[in-house]
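Asks: What follows is a structure written as structure tokens; I'll ask about it next.
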Amino acid sequence: MKLPPGKIPIDVLKEVVFKNLGADRKEVIVGPSAGIDGAVLDLGDKSLIVSMDPITGAVERIGWLAVNVNANDVATFGVEPAFLFSCMMLPENAERKLVETVSAQMNAAAKDLGMAIVGGHCESTPGLTNTIVVGCTMGLTEKGRYVTAGGAKPRDKLILTKSAGIEGTAILATDRETELKKVMSAMVVQNAKNFYNQISVVKDALTAYKTGGVHAMHDPTEGGVAGGIHEIADASNLGVKVFKEAIPVQPETAQICSYFQVDPLQLIGSGALLISAEAKNASEIVNELNLQRIQASVIGEMLENVDQRVLTQKDGVTMALPRPLSDHLWTALRR
């Protein structure tokens, strides 16, 4: 079986990866599971949240992205990210300047979030053609004071912050800038490149969690908003109804996706946050986010029937919510 680019299919995770997890340890409260992007370890009166993610599809700002994307995963537990380990794998024959650039980006991003970079590894890797940065982030909280992506409940309202395809828009605008400027204005391309500034969801997640009523949070990364919704539904063993027109898509994202003929809902979406919350708390959460100048919209609701995952259009037409086989960023980059 040949694997698609990006995340491996969920059936391979379940049938292979999740069956090879080493020894059982009593400290592991939340371990590997579909849709859950971190672990919870019991350390006496504290819970340690740990998550890991690679950055592989971006050329520019890769160090900055590695810090922010990894910090996002810990924040979705409602916990402040505090510590980062990094593994930098550089192309064969890379020069010192590349190490300086990536390290400076990571330093600036970590300082902005109040995180300490506490260790890792850096190497020039034989045969490697593009830089890869893998991060591992940790955050500490009082025992049990967190949520996971698997905590959503039937009749919860599903909230999305910001818009679809944020990271993918920024990557494509940066890596394909010359090409895009031939078919759209330089201002549109520059605005799209600036989407990098929206990628952190730490403030989104901590604001929502502190407001109350949050049962689950998840940031849609590979697979975009559509993939992220499936992941929160997978983790919670629920269905979901999503209103397509309620999902914000910025004009820059729409133009770039139209050019590359890809779906913005299936484009890597770091920068947005999915929140499953008690229906009575949804308006308050949206209001608190808005007060923090974070756009937020109710885009659907969680359903009891795990097999019912639908996307409803304004005209009432309902279709199955697409589950991306591979992130549409890879489709765009191949064109």
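Asks: Report the extension gain between Asp11 and Asp42 in nm, rounded to one decimal, defined as 0.36 nm multiplied by the number of residues separating them, less their alpha carbon distance. If you can, show how the numbers build up before the last one.
Replies: Working: separation 31, 0.36 × 31 = 11.16 nm, distance 2.86 nm.
Value of the extension gain: 8.3 nm.
Asks: Indicate the gyration tensor shape class of the stretch 10-142 (rounded, prolate or oblate), computed on the Cα atoms with a ≥ b ≥ c the square roots of the eigenvalues: a/c under 1.5 is rounded; otherwise a/b larger than b/c is prolate and the rest oblate. Working shown, then result.
Replies: Numbers: a/c = 2.28, a/b = 1.41, b/c = 1.62.
Judged from the Cα gyration tensor, the stretch 10-142 comes out oblate (a/c at least 1.5, b/c at or above a/b).
Asks: Of Gln292, Gln261, Ile229, which is farthest towards the positive pole of the stretch 149-333's charge dipole, taken about the Cα centre with +1 and -1 on the beta-carbons of Lys, Arg and Asp, Glu respectively?
Replies: Gln292
Asks: What list of ³J(HN,Hα) values in whole Hz, one per residue of the stretch 263-268 in order, does the Karplus curve 6.51 cos²θ - 1.76 cosθ + 1.60 (θ = phi - 60°) give from phi, with Gly and Pro shown as x?
Replies: Those phi angles translate into 8, x, 6, 10, 9, 2 Hz.
Asks: Moving on to the next point. Among bridges DSSP assigns within the stretch 149-333, what percent are antiparallel (round to 5)?
Replies: Of those bridges, close to 80 percent are antiparallel.
Asks: For the pair Met52 and Leu3, how long in nm is the line joining their label points, each one 7 Å along Cα→Cβ?
Replies: Distance between label points: 1.3 nm.
Asks: Lysines near Lys280 by alpha-carbon distance under 25 Å, same-chain residues fewer than 8 away left out - which ones?
Replies: Cross-link targets: Lys153, Lys157, Lys162, Lys203, Lys210, Lys241, Lys244, Lys314.
Asks: On a straight-distance basis, which aspartates and glutamates could pair with Lys97 in a cross-link, Cα separation under 18 angstrom, same-chain partners fewer than 8 positions away excluded?
Replies: Reachable aspartates and glutamates: Glu60, Glu123.
Asks: Please arrange Val67, Val102 by how many other C-beta atoms lie within 10 Å of their C-beta, fewest to most. Walk me through the numbers before you get to the answer.
Replies: Details: Val67 29, Val102 23.
Exposure proxy ranking, most exposed first: Val102, Val67.
Asks: Which value, in Å³ per residue, describes the convex hull spanned by the Cα atoms of the stretch 181-240?
Replies: Working: hull volume 7.3 nm³, N = 60.
Hull volume normalised by residue count: 121 Å³.
Asks: Search the structure for amide H atoms under 5 Å from the amide H of Ala296, placed 1.01 Å from N in the peptide plane, and list their residues when 5 or more places away or on another chain.
Replies: Lys162
Asks: Another one. About its Cα centre, what dipole magnitude does the stretch 110-159 give when the only charges are +1 on Lys and Arg Cβ and -1 on Asp and Glu Cβ, stated in debye to the nearest 20?
Replies: Its charge dipole is roughly 400 debye.
Asks: While we're looking at this one, here's another question. Mind giving me the nanometre distance, one decimal, between the label points for Arg155 and Leu325, set 7 Å out from Cα along Cα→Cβ?
Replies: Between Arg155 and Leu325, the simple spin-label model gives 3.9 nm.
Asks: For Glu304 and Lys143, what is the calculated FRET efficiency with R₀ set at 51 Å and r taken between the beta-carbons, to the nearest 0.05? Spell out each step's value before the answer.
Replies: Working: r = 30 Å, r/R0 = 0.59.
Once the sixth-power term is evaluated, E becomes 0.95.
Asks: Another one. Given Ser283, Thr101, Ser33, which one lies farthest toward the positive end of the charge dipole of the chain, if we put +1 on the Cβ of every Lys and Arg and -1 on the Cβ of every Asp and Glu?
Replies: After comparing all options, I get Ser283.
Asks: Follow-up question, since we're still on this one. For Arg25 and Lys203, calculate 0.36 nm times their separation in residues minus their Cα-Cα distance, and state this gained length in nm to one decimal. List each step's numbers first, then the result.
Replies: Working: separation 178, 0.36 × 178 = 64.08 nm, distance 3.24 nm.
The Arg25-Lys203 span can extend by a further 60.8 nm.
Asks: With only alpha-carbon atoms in the gyration tensor, what are the semi-axes of the equivalent ellipsoid for the chain, in Å, largest first? The partial results should precede the final answer.
Replies: Working: eigenvalues 158, 136, 77 Å².
Equivalent ellipsoid semi-axes, largest first: 28, 26, 20 Å.
Asks: Please give the Cα centre distance for the stretch 257-335 versus the stretch 172-239, rounded to the nearest Å.
Replies: 9 Å
Asks: Starting from the Cα of Asn191, step 7 Å along the direction of its Cβ; do the same at Phe18; then give the gap between the two resulting points in nm.
Replies: Calculated label separation equals 4.2 nm.
Asks: Expressed in nm to one decimal, what extension gain is obtained for the pair Val99 and Leu291 from 0.36 nm per residue of sequence separation less their Cα-Cα distance?
Replies: Working: separation 192, 0.36 × 192 = 69.12 nm, distance 3.90 nm.
Length difference between fully extended and current span is 65.2 nm.
Asks: Kindly state, to the nearest 0.05, the FRET efficiency for Lys314 paired with Met184, given R0 = 25 Å and r defined as their beta-carbon distance. Don't skip to the end; give the middle numbers.
Replies: Numbers: r = 26 Å, r/R0 = 1.05.
My answer for the efficiency is 0.40.
Asks: Still on this structure, please answer the following. Below 8 Å between Cα atoms, with a sequence gap of 6+, how large is the relative contact order for the stretch 148-237 in percent? Each step should come with its number before you reach the end.
Replies: Working: 73 pairs, mean separation 43.6, N = 90.
Result for the stretch 148-237 is 48 percent.
We did not get these values from a lab; they are worked out from the coordinates using the rules stated. Keep in mind it's a predicted model, so treat the numbers as computed, not measured. Because the Cβ atoms are built from the backbone with ideal geometry, glycine has one as well, and the counts that use them run over all protein chains shown.
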